[in-house]
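A quick write-up on the structure given underneath.
What follows is calculated from the coordinates using simple rules that are stated; it is not laboratory data. Remember, predicted model here, so these are calculated numbers, not experimental data. So basically every Cβ, Gly included, is an ideal-geometry build from the backbone, and we count neighbours across all protein chains shown.
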Amino acid sequence: MRVYVPLTLPGLAEAHKTGGLTGEPGSGPLVAYAVTPALREWYLSDDLEELEYAALSRAALASLRLLAADPDAPRRRVVVAVDVPDRAAVVDPDRGLDPAALGEVRVSGAVTLAKAAAVHVDAGEAEADVRAAAQALAAADGGDDDAQFVVDGADDHELLWFATQEIPGLVGSGG
């Protein structure tokens, strides 16, 4: 199963250094996004490519949340696409019906960066919009339509695709 792991550039640098993707300390399994039954129902498509793009988009939003929590991280969303055994990625039954958790899965076991298929990262020109979106996220979560418009502005920027061999350049340049 292909899962999309939200990160920040410092998180990607740490994964590159250690060779593994891990959940937040003390939080248990790795949180990722995938094509789940709830995501299929929400997205109303049978096209796997479209559904995987929707899962990638959900992971990009989760990366934005990580950026909102880490003001020192470069303002670029990062998502790592990695293949894991189907049995390793499970939907949390307590969050399965939460609209904010669409596509969310918990990945158990070690996930090595070597198994990554690709890395998706914002281009430099997205930084201003991503910065504004990260700052507006709390207000958007509270129902502020203007703030939601700002958050949605980050989605105007497509994440760029990078091969895993390009990770050293992504993390070595600091962004």
- Query: Pick from ALA133, ALA55, ALA60, ALA73: which is surrounded by 19 or more Cβ atoms within 10 Å (Cβ to Cβ) and either among the acidic types (Asp, Glu) or part of a loop (DSSP other than H, G, I, E, B) (or both)?
  - Reply: ALA73
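One line per residue, one yes/no per condition, for (1) over 18 Å from HIS16 (Cβ atoms); (2) part of a strand (DSSP E or B):
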| residue | (1), (2) |
| --- | --- |
| ARG65 | yes, no |
| ALA68 | yes, no |
| ARG87 | yes, no |
| ALA100 | yes, no |
| ALA114 | no, no |
| ALA118 | no, yes |
| GLU125 | yes, no |
| ASP129 | yes, no |
- Matching residues in the stretch 136-175 (touching a residue at least 40 places away in the same chain (Cβ under 8 Å), in a loop (DSSP other than H, G, I, E, B) and not acidic (Asp, Glu)) number 4
- Any idea how many residues of the stretch 142-175 are closer than 21 Å to GLY11 by Cα and either touching a strand residue (DSSP E or B) at 6+ places or on another chain (Cβ under 6 Å) or aliphatic (A, V, I, L, M) (or both)? 10
- Task: Would you check which residues across the stretch 62-82 are within 12 Å of the chain's Cα centre (by Cα) and free of Cβ contacts under 8 Å to residues at least 60 places away in the same chain and list them?
- Result: ALA62, SER63
